[in-house]
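Presented below is the structure to which this report refers.
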Amino acid sequence: MSEKKRLLGKESLGLSFGALVGLALVGVPRVIAHDLELVGSAVNSVLVFVPLAVWLAVVLWRRVPNPFLTLLVIGVYYGFLLAVVHQILWTEAFEGDPPALGGNLAGALSGPMEAVVLRGFAFLSSLVTGAAVGAAVGVVGWLLAKTVPALRPHSRT
């Protein structure tokens, strides 16, 4: 088995691919609610923090070998889903008035090329955001697993 498969496989992450994607999907309702402005700030806060708590609880409950890595991977998957949902809801989110380049770049590109640039940066931004969220939750998971004996990963025998 290649080193990459071992690093990102169930053996090292402690969860199947389907479970990782399923956990990432728990965050998608917040993205939809935010883009379509469906909820107020209190409900939005619940939709922000409950998925992260679910990620953390599942990873610690399953006592995965490396909580940081597992939560980082979940965050990257979440970032990808975030990016895709933002692209799908782009027109509705901006109510027909999408963002435009400003300053020295205003009018420098054709309309379609400007949209490609803006959507491309939005996509990358979502990936970075997901990875950062996964890393932040991963640090919390790693610290809890290190300090609470009942949450430590199963030892390999």
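None of the figures in this text is laboratory data; all of them are computed from the coordinates on show. Since the structure is predicted, the reported quantities are computational estimates derived from the model, not experimental observations. Positions of Cβ are generated from backbone atoms using ideal geometry, with glycine treated the same way; all protein chains shown enter the neighbour counts.
Considering the conditions (1) surrounded by fewer than 13 Cβ atoms within 10 Å (Cβ to Cβ); (2) of a type in the set (A, V, I, L, M, F, W, C); (3) assigned to a helix (DSSP H, G or I), residue 108 is excluded by exactly one of them, (3).
Here residue 86 clears all of (1) part of a helix (DSSP H, G or I); (2) exposed (fewer than 15 other Cβ atoms within 10 Å of the Cβ) except the condition numbered (2).
Right, residue 101: more than 23 Å from residue 16 (Cβ to Cβ), hydrophobic (A, V, I, L, M, F, W, C) and assigned to a loop (DSSP other than H, G, I, E, B) or not? Yes, satisfied.
Can you name every residue in the stretch 19-70 that is under 18 Å from residue 131 (Cβ atoms), assigned to a helix (DSSP H, G or I) and among the small types (Gly, Ala, Ser)? Result: 24, single match.
Residues considered: 85, 128, 73. Of these, the only one that is free of Cβ contacts under 8 Å to residues at least 60 places away in the same chain, in contact with a helix residue (DSSP H, G or I) (Cβ under 8 Å, 6 or more places away or on another chain) and within 14 Å of residue 25 (Cα to Cα) is 85.
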